[in-house]
Amino acid sequence: MNNTFKAQLTLRNATFILSVGLFAMLLNYFFTGAGGGRHLAVLLVPMALVIQTLVMHQNGGLYPRLPRWLNYGLVLIYAAACFYSVYYFYLNYEQIAIWRQGRYTTHDFIVGLMVLLVVMELSRLAHPLLFWVNVVLMGYTLWGHLSPIDFFWHPGTSLYRVVTSSTVELATGVYGRYAQLALTLIAAFLLLAAAARGFGAQGALVHVMQRIAGRSRHTIPQTSVLASVSVGMVSGSGAANTAVTGSFTIPLMMRYGVPGTFAGAVETAASMGGLIMPPLMAVAGFLMAEFLGVPYWDVVLRGFAIAFVYFASLILAVYLLSVRLLPRDPITAPNVPLYDWCKTAIFFAGIILLMVLMGWYGYGALRAALFTAGFLFAALMAAWMLFMFVLKDPEVTKDARGEPDYIVGLLLIVGCLLFAYAYRDTNWGATIWIAAALGFGIVTFIVPSLLRRIRVTIETHAEMTAYLTLLMATLGIMIGLFTVTGFINRMGSMLLQIGQLDMTLSLGVTAIVIPGIVITVVMGWIFGWLAGTGLPPTATYIIVAIIVVPPLRQLGIDPWVAHFFAFLLAIWGELSPPTSLTAAVASRIANVSFMRTMWEALKICLPITFMSFAIFVRENMVVEPGWLQVRDTLIVAVGTCGVTFATFGRFMTGRGLDSAMRICLALLSFVVIFHPDDMLAVYVGALVLPSVVFGIWRHRQVSGRPAESKAEAEAFS
């Protein structure tokens, strides 16, 4: 027995112990709201940083070139700095947050500096571009008075101000609103993904979508689309979505003859769509609700319209390319175990419950996410026990082997007892938690495999929360430095001045007047594209929302339109050249060229580019839910589908006539999307829609011949 417990003394178990602590403190906050988000952040941000440090150390080491003992030493130093900051803030929170504002002690400064250095070093390892942006901003903050360019000049400030604004001031920086959001609302929604991962629901989703794709090769690539939109509902990262679903769908597509580049591009485009799909919306949806001061459900209602347009065009593009590249011979549809169908049904039932709680019953987003996560976990656990003990499914019962995980059982028992003590004065509170402690004690020895599922759930939630907390803390530093230097105000003022001046473009005897607002939008798009080339969508959205959105609002643009412009630009930035982490992951799985995969995905993702500008004309898509929203959404969907067919479809075998017909269709589609006259757009859309339907029928007639498909597939590869 002594050797058994010694075997439990591992780094992974140490990480799990911290994960349970983080999980328990978050649950307590979700139920009680004790202390508020700022107090929660000063206690849990350092703990999240320690978890992130341990996870990174286990995934290859923090510094692979350094000796192992030195890596352990640095991990201990980072952990000690974080834990000391927790201890210090716990004792001095009220003094720092209220009484010492603007006049912090030397001890405050040293503790803040320690945390800042840890965040900066971890961001250097996890988000190198964000790290260097912050380094440049720190230099700019210190020595802005040396700038030879008037636009960038500012009086400069001290190192003391840089450190305090990034840490102990609490309004911005490491403990600011972004880190608080990561540990509250976002962490609550991440419980859905953690429960799904703990019981293998994500893999089941892919298998079920593969079965739904049917017996045709042409529908096999749609597996990627369906799986990515399903997993994307609870995933905040395009790269993570690609890694989860692409590991199944890309080999599946290639097995049935799909060229590697096409398979990678489809998975990339589908994963990008997963970032648009509610309820998570790449985490940016929560930030949008925060910026606008509205319930999160209001953002979700508008997000569905954007997602509908994107996936309508994406499904059409993937189908047209599949018909061109793949033969028409039928295939055998795979059998999917009943357990996978059951897990998939539970997952979608959870998503429906979340929507009903927020939309029908008016629950707050955090409360709705918490109840939904509880339902999802309980239902998945009940299904697991049903197939384990009643139906004795061989795929499930083989998971029952293994020794009890005493660490997991002990921590869960202790945690339940602590909750019982905390809720001792409530009706049934202590009784419920004591019963749970007894239950976990029994499960530890009788059903150890269930504890492994619970462990995966808690570890997944802690890892995702720690990663996003580090990202948000890094972004908090960036925005704090932008604020200290006054760069946000100067950039906003410049964009506002541009928007108030029209530009006249002379073309011989005629002249075209370009409104200043159009120039401002284009400049904002270019700025967002440049920011998105190396930053994750969350970072891009925050930067665009802070710098570009305010001048757009002052120029008369509706706040919803301005923020969804920033949102779509952030999503497009994840794919934009020359960098795209999502395309990089997909190309690595497919073992094909990264650049070709990215460019093909860019063509497939054309709807994002068009919608970024279409919402300025068809603003009812995002301004006011209702019939006008439905009308504008359908108009834009018809237009983007027309452009999609003009890009990937074929009317005729003759290249000249076919090109002419496709160009005409594209021009009509642009009228549908961008012409300000709504009735004209409806009338032209009535021509475009049957043209697309007719085009799909013709495309099937003139494409997909065996020799032609083989030649095109080889060219695509």
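No lab work stands behind these numbers, since they all come straight from the coordinates. In this text the structure is predicted, and so the values were computed from the model without any measurement. In this analysis, Cβ positions are derived from the backbone assuming ideal geometry, glycine residues included, and neighbour counts consider all displayed protein chains.
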Nitroxide proxy distance, nm - points 7 Å out along Cα→Cβ at residue 65 and residue 382: 5.6 nm
How charged is the neighbourhood of residue 230? Take every other residue with its Cβ under 14 Å from the Cβ of residue 230, and add Lys/Arg as +1 and Asp/Glu as -1. +1
Go ahead and run the numbers for FRET between residue 588 and residue 426, Cβ-Cβ distance against an R0 of 45 Å, rounding to 0.05. 0.30
What is the extension gain from residue 518 to residue 161, computed as 0.36 nm multiplied by their sequence separation minus the C-alpha to C-alpha distance, in nm to one decimal? 124.7 nm
Cβ crowding within 10 Å averaged over residues, with 216-222, 107-113 ranked highest first: 216-222, 107-113
Please turn the phi angles of segment 257-270 into ³J(HN,Hα) values with the Karplus equation 6.51 cos²θ - 1.76 cosθ + 1.60 (θ = phi - 60°), one per residue in order, whole Hz, x for glycine and proline. x, 6, x, x, 5, 5, 4, x, 5, 5, 5, 4, 5, 5
Extending each Cα 7 Å along its Cβ direction at residue 117 and residue 658, get the distance between those two points in nm, one decimal. 6.5 nm
Mean separation of Cα pairs under 8 Å and 6+ residues apart, divided by the residue count of the chain: what relative contact order is that in percent? 18 percent
Phi-derived 3J(HN,Hα) across segment 130-141 with the Karplus relation (6.51, -1.76, 1.60, θ = phi - 60°), rounded Hz, x for Gly and Pro, is 4, 4, 5, 4, 5, 4, 4, 5, 5, x, 5, 5
Selected from 182, 471, 407, residue furthest toward positive end of dipole (the chain; charges at beta carbon): 407
Starting from the Kirkwood radius over alpha-carbon pairs of the chain, derive D by Stokes-Einstein at 37 °C in a medium of 0.692 mPa s and give it in µm² s⁻¹. 120 µm²/s
Would you list 609, 426 from fewest to most Cβ contacts within 10 Å? 426, 609
Amide H of residue 216: which non-local residues (sequence gap of 5 or more, or other chain) have their own amide H closer than 5 Å, using H built in the peptide plane? 331
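Assuming R0 = 22 Å, can you tell me the calculated FRET efficiency for the pair residue 599 and residue 533, based on Cβ-Cβ distance, to the nearest 0.05?
It comes to 0.90.
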Which of 603, 398 has the fewest other C-beta atoms within 10 Å, and how do the rest follow up to the most? 398, 603
Enumerate the calculated ³J(HN,Hα) couplings along segment 598-608 in order (Karplus 6.51 cos²θ - 1.76 cosθ + 1.60, θ = phi - 60°), each rounded to whole Hz, writing x wherever the residue is Gly or Pro. 5, 5, 5, 5, 4, 5, 5, 8, 3, x, 4
Rounded to the nearest 500, the 222 nm mean residue ellipticity computed for the chain from DSSP H runs (n ≥ 4, each -39500 (n - 2.57)) alone is -25000 deg cm²/dmol
Extension gain (nm, one decimal) between residue 693 and residue 14, 0.36 nm per residue minus Cα-Cα: 238.6 nm
Size of the dipole of the chain about the Cα centre, Lys and Arg at +1 and Asp and Glu at -1 on the beta carbon, nothing else charged, in debye to 20? 1320 debye
What value does segment 98-150 have for Rg/Rh, both radii from Cα atoms and Rh as Kirkwood defines it? 1.10
What number, in percent, do you get for the relative contact order of segment 12-173 if the mean sequence gap of Cα pairs under 8 Å and at least 6 apart is divided by its residue count? 20 percent
For residue 648, what is the net charge nearby, where nearby means another residue's Cβ is under 10 Å from its Cβ and Lys, Arg count +1, Asp, Glu -1? +4
Hey, can you rank 336-349, 170-183, 48-61, 281-294 by average C-beta count inside 10 Å, highest first? 170-183, 281-294, 48-61, 336-349
FRET E, pair residue 335, residue 371, Förster distance 35 Å, beta-carbon r, rounded to 0.05: 0.50
